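Here the structure comes first, spelled out in structure tokens, and everything after it is commentary.
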2 protein chains.
Amino acid sequence: MALLVVKFGGTSVGNIERIKNAASKVAEEVRRGHKVAVVVSAMAGVTDQLLGYCRGVTPHPNPRETDAIIATGEQVSAGLMALALEQRGLNARSWQGWQVPLKTDTAHNKARILDINPAMLRARLEQGEVAVLAGFQGMTEEGSITTLGRGGSDTSAVALAAAMGADRCDIYTDVDGVYTADPRIAAKASKLSKISYEEMLELASLGAKVLQTRSVEMALRFRMPVQVLSTFANEVGSDMPGTLVTDEDETMENNPVTGIAHSLGDAKITIADVVDKPGIAATIFGTLAKAGVNVGIIVQTGSKDGITTNMSCTVARSDLDRAVEALKAEQAAIGFTGILTDSSVVKVSLVGLGMRSRPGIAATMFKTLADKGINIQLIETSEINISVLIAEEYLELALRSLHTAFGLDSE
Amino acid sequence: MALLVVKFGGTSVGNIERIKNAASKVAEEVRRGHKVAVVVSAMAGVTDQLLGYCRGVTPHPNPRETDAIIATGEQVSAGLMALALEQRGLNARSWQGWQVPLKTDTAHNKARILDINPAMLRARLEQGEVAVLAGFQGMTEEGSITTLGRGGSDTSAVALAAAMGADRCDIYTDVDGVYTADPRIAAKASKLSKISYEEMLELASLGAKVLQTRSVEMALRFRMPVQVLSTFANEVGSDMPGTLVTDEDETMENNPVTGIAHSLGDAKITIADVVDKPGIAATIFGTLAKAGVNVGIIVQTGSKDGITTNMSCTVARSDLDRAVEALKAEQAAIGFTGILTDSSVVKVSLVGLGMRSRPGIAATMFKTLADKGINIQLIETSEINISVLIAEEYLELALRSLHTAFGLDSE
């Protein structure tokens, strides 16, 4: 008999029928003798609809009021889930963040969890109840409603599992696990039965959309096993139900590369003919930081003449206009001849714990891409990933070639 | 400078444009130097939509979960109202029932207010903020979300006004005041500039839909002046902005009848040839009470033979089937020959404080109806109202004739 936290995403509770389907998965876990706490997202589309209302009233809605408004999405789906569980003969009650309480800091719209008091929910579970927590939301010390930012319900679920000392956190979503690459692009991608916290964290932060990055950080911090499953395909209790994110073990290192992520969210900026003097990088990236622009990969091309250099970096596509504007405003102070931008780029990343002990991964990656005539624009590496920026039109070709080259193809 | 509680109903906040319009009325009151607390209903249609979700999950949804779900309607409109007020340059914050707190009993779906702590809201108003309260909802002592039943936001508003010691409670709705009769039926009906609490209470409980009965009871109990106005027509600060519900004064008694209400919600049951023995009424109405049926007017026709009698009463139309079933199940115990039912009836009621001191009102009413050939089926009187049950087809004729006979016609 285990203590499980089971989380359902927006599409898994997207309508009444799907809520009933999700409830039957919970009921099956209870029938098998487990104690279950459930965490739900808002029904798919509801959060956007509510945000649309807010922006209809005012272009820059107050974050505190926005939180009070959008938190209702999860309040509704939590109540409906409790009703669906009762309909199946279970004792079930829904709980808002403030009722637990789940305390957060005061950073409205992107609050961080400070503390979850597990006492009340644990007592309820001991009495045989299923506790349904509205995900994505919490309460400040002063009693204001906060939300945790996009995908925050994943974080709610892992944090609740950690606070309650759960045996596992199951995250039901619209895909049936974590794949070696996006299967819509790489047809030979296969589902991973296990992946380490560290690899999952890299994949999530490099563009894999299965789990929210912060929830994986939380899982890593508390060593809380997280299972990713599909509400629509995975059977409760089947032998290989999804992907388990867990502690690293030996079996994982058979292949140096565990998965390939890609991200279409970046744009490239090249600042041409910058005078190459000490402190110039600080000036440029200080300007961008002041404009609120986060910078990804940075590459400085060695100057031919020893006087000027080209400086390239990636920024989020949504920040591109703001970044260019900020740099142009400081053109005199920085000293450059022009700015080139490119939004038709994609970042492709190899991720694997095995990279740490296997040399030559980067060389194989670069050669594979070169053989297909794909030009590498920027490169970034960490201990367990190598990322390259390439032209977007080569995405499918690059992903499939690398998938084959690193022995990830199924069969 | 006054302290006002201003309440907007569902149609008054039915979409973003209307919320902005409502906010401009609040802004105008603030500009005139008043301190304002706002109470809002859910956007029109939202509560029914949420109830539809609940019933889609299970035919008899748990009342506690239903409350948590439907309370979100007001949470959203309160947040949007605060945003709209901020957009007009005001400091505004929305508050849920639990944040105030507004404490209720545990009768989910129809909770009664026990206590409102005005301290926090009053302090906010003192600091120049506009406080926006989500209507219709509260919290039990144990921290569960409750709702106050249909039209509960009116009650929230009057209760908040009483708790804060407000000077007046303004209720914006989709009609511009209280009329001498329903103006859709009696074209010559005129708007009352003032009406007493007692008369308004009778009108509301006898079918006038302008204010919820419980809110008028609350206004009467705390002698809290309530102004009914239209969000769409009434100008803030105009000389005759709506109808003021307030203490009785002399000017009100010029006319013995203040208004005429009607209700289409009743049905008539006649139990034929009941054996007229002591305790028979107790048996009959005990049977109906056990079936959960509320009985309105009761009339026992004097028996001709001294042995049997006919017993008539009104019940809510929605209870009719249940009432007949319950009586038939007890036919042997009660002893009657048959049950006649009639749903095509309407209750028409004259209401006026002046009735107390003017004899002959009933006689004039009965003669007016008789002159038009309208048969009176049942009669009920109280100190300040006379109600008659007539065939529904005579509604318009009866209303117009009585309106003229009692000098209520405009011009």
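The values are calculated or read from the model by the stated rules, or taken from the named source; none is laboratory data. As the structure is a prediction and not an experimental result, all values here were calculated from the model. We place every Cβ from the backbone using ideal geometry, glycine too, and count neighbours over all the protein chains shown.
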- Task: Go through the range B:103-133 and give me each residue that's within 24 Å of the chain's Cα centre (by Cα) and part of a loop (DSSP other than H, G, I, E, B).
- Result: B:ASP105, B:THR106, B:ALA107, B:HIS108, B:ASN109, B:LYS110, B:ALA111, B:ARG112
- Matching residues in the range B:301-332 - criterion: being in contact (Cβ under 8 Å) with a residue 12 or more places away in the chain and either of a type in the set (Lys, Arg) or touching a helix residue (DSSP H, G or I) at 6+ places or on another chain (Cβ under 7 Å) (or both): B:MET311, B:VAL315, B:ARG317, B:ARG322, B:ALA323, B:ALA326, B:LEU327, B:GLU330
- Item | Checking A:LYS110 against (1) farther than 22 Å from A:GLN49 by Cα; (2) at pLDDT below 95, the condition it does not meet | (1)
- Candidates B:ALA82, B:ALA78, B:ALA23 - the one that is within 17 Å of A:VAL76 (Cα to Cα), of a type in the set (Gly, Ala, Ser) and crowded, with 24+ Cβ neighbours inside 10 Å: B:ALA78
- In the range B:312-319, is there at least one residue being modelled with pLDDT of 85 or more and more than 24 Å from B:ALA391 (Cα to Cα)? no
- Note on the structure: For B:GLY306, the lone unmet condition from (1) part of a loop (DSSP other than H, G, I, E, B); (2) surrounded by 12 or more Cβ atoms within 10 Å (Cβ to Cβ) is (2)
- In the range B:93-122, the residues that are in contact (Cβ under 8 Å) with a residue 40 or more places away in the chain, within 14 Å of another protein chain (Cβ to nearest Cβ), polar (S, T, N, Q) and crowded, with 16+ Cβ neighbours inside 10 Å: B:SER94, B:GLN96, B:ASN109
- Item | Candidates A:ALA84, A:ALA37, A:ALA78, A:ALA27, filtered to the one that is in contact with a strand residue (DSSP E or B) (Cβ under 7 Å, 6 or more places away or on another chain), among the hydrophobic types (A, V, I, L, M, F, W, C) and assigned to a helix (DSSP H, G or I) | A:ALA78
- Query: Pick from the range B:34-49 the residues that are out of contact with any Gly (no Cβ under 8 Å at 6 or more places or on another chain) and either hydrophobic (A, V, I, L, M, F, W, C) or under 25 Å from B:VAL100 (Cβ atoms) (or both): which of them is surrounded by the fewest Cβ atoms within 10 Å (Cβ to Cβ)?
  - Reply: B:HIS34
- Within the group B:SER312, B:SER349, which residue is within 23 Å of B:GLY407 (Cβ to Cβ), among the polar types (S, T, N, Q) and either touching a Pro at 6+ places or on another chain (Cβ under 7 Å) or assigned to a strand (DSSP E or B) (or both)? B:SER349
- Query: With respect to B:ALA27, is the statement that it is within 14 Å of chain A (Cβ to nearest Cβ), touching a residue at least 24 places away in the same chain (Cβ under 8 Å), among the small types (Gly, Ala, Ser) and closer than 28 Å to A:PRO59 by Cβ true?
  - Reply: yes
- Query: Any idea how many residues of the range B:199-219 are in contact with an Asp or Glu (Cβ under 7 Å, 6 or more places away or on another chain) and not small (Gly, Ala, Ser)?
  - Reply: 3
- Query: Do the conditions hold for A:THR341, that is, is it assigned to a strand (DSSP E or B), within 24 Å of the chain's Cα centre (by Cα) and among the polar types (S, T, N, Q)?
  - Reply: no
- Item | Set A:GLU74, A:GLU86: member being of a type in the set (D, E, K, R) and at the interface with chain B (Cβ under 7 Å from one of its Cβ atoms) | A:GLU86
- Within the range A:142-169, track down each residue that is basic (Lys, Arg) and either closer than 30 Å to B:VAL100 by Cα or crowded, with 20+ Cβ neighbours inside 10 Å (or both). A:ARG150
- Task: Could you please find all residues in the range A:134-146 being assigned to a strand (DSSP E or B) and either at pLDDT below 95 or within 12 Å of chain B (Cβ to nearest Cβ) (or both)?
- Result: A:ALA134, A:GLN137, A:MET139, A:ILE145
- Among the residues of the range A:333-360, which ones are crowded, with 20+ Cβ neighbours inside 10 Å and either of a type in the set (Gly, Ala, Ser) or free of Cβ contacts under 8 Å to residues at least 60 places away in the same chain (or both)? A:SER349, A:GLY352
- Of the residues in the range B:8-20 that are touching a residue at least 24 places away in the same chain (Cβ under 8 Å) and assigned to a helix (DSSP H, G or I), the one that is surrounded by the most Cβ atoms within 10 Å (Cβ to Cβ) is B:ILE19
- Query: So which residues in the range B:40-62 are part of a helix (DSSP H, G or I) and not hydrophobic (A, V, I, L, M, F, W, C)?
  - Reply: B:THR47, B:ASP48, B:GLN49, B:GLY52, B:TYR53, B:ARG55, B:GLY56
- How many of the residues in the range A:188-231 are in a loop (DSSP other than H, G, I, E, B), touching a residue at least 24 places away in the same chain (Cβ under 8 Å) and either touching a Lys or Arg at 6+ places or on another chain (Cβ under 9 Å) or surrounded by fewer than 18 Cβ atoms within 10 Å (Cβ to Cβ) (or both)? 10
- Taking A:GLU65 as meeting all but one of (1) surrounded by 24 or more Cβ atoms within 10 Å (Cβ to Cβ); (2) assigned to a strand (DSSP E or B); (3) within 11 Å of chain B (Cβ to nearest Cβ), write down the number of the exception. (2)
- Got a sec? Which of B:ALA204, B:ALA186 is at pLDDT 90 or above and in contact with a His (Cβ under 8 Å, 6 or more places away or on another chain)? B:ALA186
- Note on the structure: So, first residue farther than 16 Å from A:THR404 by Cβ in the range A:365-381, second residue part of a strand (DSSP E or B) and of a type in the set (Ser, Thr, Tyr), Cβ within less than 8 Å, six or more apart or across chains; the pairs are A:GLN377/A:SER312; A:LEU378/A:SER312; A:LEU378/A:THR314; A:ILE379/A:SER387; A:GLU380/A:SER387; A:THR381/A:SER387
